[in-house]
Every structure is written in C-alpha cells, then in structure tokens.
Amino acid sequence: MPALFDAYIMADWSAATKPALGPNSIWIGILAKDARLKLQFRSVNIDTRLKARAFIEDMVAKLTKRGDKVLLGFDFSLGYPAGTAAALGLDTASQAPWQAMHAHLAGKLKDKADNSNARYAIAAGLNYAISKGPFPFWGAPARDVVSTLAATRPDYSGAPLAEFRLCETYLKEKKAGQPKSVWQLAYAGSVGSQTLTGLPHVHALRQLWPTSRVWPFEFGDAPITAGSLEDVSVVMAEIYPSILKVKPEKGEVADEAQVRGIARHYADLDEKGLLGASFSTGKSLSPEQIGAVLAEEGWILGV
C-alpha cells in the first residue's frame, strides 16, 4: 500500500517573548525525499514565530510544487474545550466553533518582528468576555496580573468550561502522558501560551493554502485513506512529541530530537500502511463526545 504522505514536517513551537535559539525555542523537523526518493531528515532552529511561519510556507511550497503530500504537525492544541466559542459569543452559525476560535485569535494576537505580543492582555480580555473574572485562562507573571487574569489556577469544578479537553483526559486515564491544560499560560510544562500564539499562524496557513485541511475538524472521525486526500496537499494536525521516548543524538537538544523522533514515527507508520488508522478519533468515545472533538476540541494524532 503506497504511503499517504511524501513529506513530514513537525514543529516544536515556542511562546518566547523575544528572539531565541537553542533549547525551548522553535525547532522544525523536515523528513522529505531526496533526489533518490529516500526520506532524509534535517532540522532548523528559528528564532521568531514570524520567521518560522515564513519558513514553513516556503518549504511546503517547494514540496507541493513537486507533487508531494505533506503532513504538518504542531505541538500545541488546535482547539479549546467544548463551549469556548459560544462562551465568547462568537458566530458559530456560519462557521464551526473551531474556525470561529481560530479566526477570533488571529484577529487579536499579532506577533511583532521581535517576537513580542500582547498575549496576557488578550487572555485577560478573553476571560472578561467569558466570565467577567479570572476564568478560564490563568498563569500570568506578576506584572501581567489584573482583575481578569490571575497567577493561580481558578476553580473548574462545576464550571461551564472544562479544564481539560477530551483528548487530554484520555491521555491521563491511559497514563500515556501528563498533558497540561490549554488554559495555563505559564509555569512548568504549560502549553497555553504556545496555543494562543500558534493558532493565529495555523489560521493564516489554512487561508493561504486552499488545498490544505486541518485534522480532525475537516475530515471526521474515520481513518484517513488515499481517497480522503485526493484533493488535499497539506494536512495540519496536532502532535504530542513527548509521548515518544526519544534520546537526543550527539549534538542534539531535546526539542530537536523530539521533532526527529515524531517525524520518523509517522513516516514508519505510513510505510507500514498504519498511519491512516492513527487519524481516527474513535477511542471508545460517545457520539456526543466525538461531535465535540470534531466541532471544537480537536485531537492529538496517533493518540
């Protein structure tokens, strides 16, 4: 069975507030075919999010121009807990909740050339729109604490929005990782700021590439097949590299090793004809839960 994809690009994102290289910065791994049609890996370390998006745009353009189908993974959440778009009062009649949220964040968060942005002020504004108080986003540094954004975690028990998405709850139940809440913006292991700064770029790429699709929102919960990709050149998906235990090679930093490991993992599955099944969001979820995943929350590829 032919592989579904010809190239695998994996992005380890960063929410750094100034240009940064090395550990905990942006690393992009590219596993693509060389002149002999053999998959070869290389990584790049990029110091700002705007430069990273420009690099991805250029790399994908080169690959798709020669006819490659590209799997593009981002290591941040591509959705928020069910009900978020409605809580913000977004228009979900003419577009799906995930689309409304992506567009809303893209309209608010603008990275500057020096990698700075107003994400804490934006999170405080989102909290005001949702609860008029410091809920659901949290984790602000002392200088950014305001009445609608606290440094400490709010109480989610009985709250209208869940602390975790279904996929994160699934990982916790299976003891397959220690995912953090998308609401947490700072402190050890947090992913909230990566999501807040990453989704505007995903939105921009989706608008730029008419033949791209965001999984699972634009596919459904069934496994992906060659037929599913007939008119699709790029599939963007959420990844969780740390679910694999990859040891850095000599000279590699951990982030670089992770994008290498996850790219090769997906390529190996694809070569064996198993990657298509990894796109399924079934996982014994109820129809209602699958509906929430497809409409707003998203899922992690291969979980």
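For the reader, a short list of remarks on this structure follows.
- The charge dipole of the chain, taken about the Cα centre with unit charges on the Cβ atoms of Lys, Arg (+1) and Asp, Glu (-1), comes to about 620 debye, rounded to the nearest 20.
- For the stretch 84-173, radius of gyration divided by Kirkwood radius, i.e. Rg to Rh on alpha-carbons: 0.99
- C-alpha long axis of helix 192-208 to longest principal axis of the chain, angle in °: 50
- Pairwise centroid distance, computed over Cα atoms, of the stretch 103-170 with the stretch 217-283, Å: 28
- Taking every DSSP beta bridge that has both ends in the chain, the antiparallel portion is near 50%.
- Magnitude of the charge dipole for the stretch 1-159, about its Cα centre and with charges confined to Cβ atoms of Lys, Arg (+1) and Asp, Glu (-1), is about 360 debye.
- Electrostatic dipole magnitude of the stretch 46-132 [Cβ: Lys, Arg +1; Asp, Glu -1; Cα centre; debye, to 20]: 120
- Two-site FRET efficiency, K272 against D155, from Cβ-Cβ distance with R₀ of 41 Å, rounded to 0.05: 0.35
- Reciprocal mean inverse distance between Cα atoms of the chain - Kirkwood radius, Å: 19.6
- If you plug the beta carbon distance of K33 and E288 into 1/(1 + (r/R0)^6) with R0 = 35 Å, you get a FRET efficiency near 0.25.
- In the chain, the calculated helix contribution to ellipticity at 222 nm averages -10000 deg cm²/dmol per residue, counting -39,500 (n - 2.57) for every DSSP H run with n ≥ 4.
- Counted residue by residue at 0.36 nm each, then reduced by the alpha carbon distance between them, the extension gain from A226 to S280 reaches 18.0 nm.
- Debye log10 I(q)/I(0) at q = 0.15, 0.18, 0.22 Å⁻¹ for the stretch 227-273, Cα point scatterers: -0.50, -0.66, -0.85
Here, each number is a calculation from the coordinates, and none is a lab measurement. All figures in this text were calculated on a predicted structure; none of them were measured in a lab. We place every Cβ from the backbone using ideal geometry, glycine too, and count neighbours over all the protein chains shown.
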